[in-house]
Amino acid sequence: MAPDADSGAVVRRAPFSDNPTVGVRGQRTQQRILDAALRAFGEVGYHQCSIDGITKLAGCSRVSFYQYFSSKEDVFRHLAGRVARQLNASTERLAPVTGDAAGWAALRQWVDRFAEIYAAYQPVFHAFPAAAESDASLDVDAVRTATPYLSGLRARVSESSTLATRDLDPVLQLLRESLSRTLDDLSTFHAVVADSFASAVVLDAYTDVVHRALFGLVPSVNEHRHRVRKMPVLAFGMAMQTAIDEAGDGEFPPARAALVDAAREVFVARGFHGTRVDDIVEAAGVSHGAFYRYFRNKDEIAGLLAARAMRTVSVTLAGIPDLVDADASVLRRWLRQYNEAQVGETAMIRVWIEAALQGDGLRADSAAVLDWGRRRMAKALRSRPFSDPDVDGLLLLAVLDTFGRVERPQHELDAAVLVVERGFLGR
């Protein structure tokens, strides 16, 4: 069998299990395979990653690979299990989270540990949605490992939080998921403007948001205002600006429309790096000549599809109400509209994020899109009397993007309302 996802024990698989004992050399080989797989998932994404690619990076044979893992899916499950164990261990080390400065400091230490795990296993976080689509057991494992993780968090805050017990789990879940998205967005910004948004400042502000969501606004404890370098407005590149302009146009020639429709299906199914022009042409039932008549490469058609998706979402995002004056019913109605708009486009947006995270050429446009949304969130928060709206705008965008990723039931919508009202508005 493969390395056990819970214990981390190293054993050989059949037919090598007649000699299951793994010595130091075997442990090093298995670790080289895991390190190579992590690198491969980061460089080419989940869909495009292959056993041959992993073994080439590891400097081992396929026979060596199969002694420890049955497939690409198996090695990814092992990496995901390792991440889960480290996250659960970080929560076990969490001190009681109280409404005072000591509770804030405990949360801040937990955030730092999460960020360290994220930095070490970033490709696993990025590839997980695509992996879960093709490996149903990952979703089952995720639910199984999330249960002790959430219960560990709840146990450390439930007695002191002013939130009702029924509200605590969905609030904690949304905030935890949005931390991954915050770190993703921060990585994208840093790749384009290296000295933008110091990580420590953003993580301080995230801790403030979590602490306010749990305990309300506590002056001098969770209302830090840092001096931050003003972020320059990031302009869209020519290709993305053209795609945004075209995304709202009307009818296209039939061949072009067929290519766009087919490309969306292929990108969603195979990921950006797993999609070739040949795949798009075959799915559309047109010639290569027709493709190159309208698009220079797959990047261009992916940009058009991403621009269409983002345009749909941005219309709702731009309609955000005045948060300071909006009551809970107005906020709830707008969040539901945002969720409905993003759910239909989230698959293609994820493809674009995958491409941007793994390709420097697309990061500038991705950062410009994020910056557009961040500035609108900052504007909605600017009249608050506490904290920095520019930094919190980045955090609010991450929370909204996380919330909009999947269709949310009523109790998760209520959790999002609580996070915005308490965490960002302090009421």
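The values are calculated or read from the model by the stated rules, or taken from the named source; none is laboratory data. Since the structure is predicted, the reported quantities are computational estimates derived from the model, not experimental observations. Don't worry about glycine lacking a Cβ; one is built from the backbone with ideal geometry, like all the others, and counts go over all protein chains shown. SASA here: full protein model, heavy atoms, side chains in, ligands and nucleic acids out. Shrake-Rupley method; radii C 1.70, N 1.55, O 1.52, S 1.80 Å.
Probe radius 1.4 Å, ligands and nucleic acids ignored: give me the carbon and sulfur share of the accessible area of segment 187-228 as a rounded percent. Let's see the in-between values first.
Values: 870 of 1640 Å².
C and S atoms contribute 53 percent here.
Please identify, among VAL233, VAL406, VAL111, the residue showing maximal mean-square fluctuation in a Gaussian network model of the chain using a 10 angstrom Cα cutoff.
VAL233
Ordered by residue, what ³J(HN,Hα) values in Hz, to whole numbers, does segment 280-287 give under the Karplus form 6.51 cos²θ - 1.76 cosθ + 1.60, where θ = phi - 60° and Gly and Pro are x?
5, 4, 5, 5, 7, x, 10, 8
Excluding ligands, DNA and RNA, what is the solvent-accessible area per residue of segment 261-319 at a probe of 1.4 Å, expressed in Å²?
So segment 261-319 comes to 46 Å² accessible per residue, rounded to a whole number.
Looking at the square roots a ≥ b ≥ c of the eigenvalues of the Cα gyration tensor of segment 272-351, which shape do they give, rounded for a/c under 1.5, prolate if a/b is larger than b/c, or oblate? Don't skip to the end; give the middle numbers.
Working: a/c = 4.23, a/b = 3.37, b/c = 1.25.
Cα axes put segment 272-351 in the prolate bin.
So for the pair VAL63, SER158, with labels modelled 7 Å out along Cα→Cβ, what separation do we get in nm?
Roughly 5.4 nm, to one decimal.
In Å², what does the accessible area per residue of segment 56-104 work out to with a 1.4 Å probe? Don't jump to the answer; show the numbers that get you there.
Values: 2090 Å² over 49 residues.
Counting only protein heavy atoms, the per-residue value for segment 56-104 is 43 Å².
Just ALA367, ALA127, ALA155 to compare: in a GNM of the chain, with alpha carbon springs under 10 Å, which one fluctuates most?
Checking each option, the largest mean-square fluctuation is seen for ALA155.
Could you tell me the distance between the Cα centroids of segment 303-329 and segment 77-103, to the nearest Å?
33 Å
Given H placed 1.01 Å from N in the peptide plane, which residues other than close sequence neighbours of THR98 have an amide H under 5 Å from its amide H?
The answer is GLY103, TRP104.
Would you give the gap between the C-alpha center of segment 163-193 and the C-alpha center of segment 374-404, rounded to a whole Å?
Centre-to-centre (Cα) distance: 13 Å.
Using Cα pairs under 8 angstrom and six or more residues apart, how large is the relative contact order of segment 259-301, in percent? Walk me through the numbers on the way to the answer.
Details: 29 pairs, mean separation 18.5, N = 43.
Reported relative contact order: 43 percent.
Specify whether the C-alpha gyration tensor of the chain places it in the rounded, prolate or oblate class, a ≥ b ≥ c being the square roots of the eigenvalues: rounded for a/c under 1.5, otherwise prolate if a/b is larger than b/c and oblate if not.
Working: a/c = 1.97, a/b = 1.09, b/c = 1.80.
Because a/c hits 1.5 or more and a/b fails to exceed b/c, the chain counts as oblate.
How high is the relative contact order of segment 27-145, in percent, counting Cα pairs under 8 Å that sit 6 or more residues apart? Provide the component values of the computation, followed by the final result.
Details: 88 pairs, mean separation 36.1, N = 119.
Relative contact order here is 30 percent.
Using the heavy atoms of the protein chains alone and a 1.4 angstrom probe, what is the accessible area of segment 323-414 per residue in square angstrom? Working shown, then result.
Values: 3400 Å² over 92 residues.
That works out to 37 Å² for each residue.
Just to be sure I understand: with springs between alpha-carbon atoms less than 10 Å apart, which residue in VAL83, VAL391, VAL63 has the highest mean-square fluctuation in the Gaussian network model of the chain?
VAL63
Can you give the calculated 222 nm mean residue ellipticity of the chain, where each DSSP H run of n ≥ 4 adds -39,500 (n - 2.57) and the sum is split over every residue, rounded to the nearest 500 deg cm²/dmol?
On the way: 19 runs with 299 residues, N = 427.
After summing the helix terms and dividing by residue count, I get -23000 deg cm²/dmol.
For the pair VAL330 and ASP167, how long in nm is the line joining their label points, each one 7 Å along Cα→Cβ?
Simple spin-label model gives 2.0 nm for this pair.
If contacts are Cα pairs under 8 angstrom and at least 6 residues apart, what is the relative contact order of the chain in percent?
Working: 536 pairs, mean separation 78.8, N = 427.
With pairs under 8 Å counted, the relative contact order is 18 percent.
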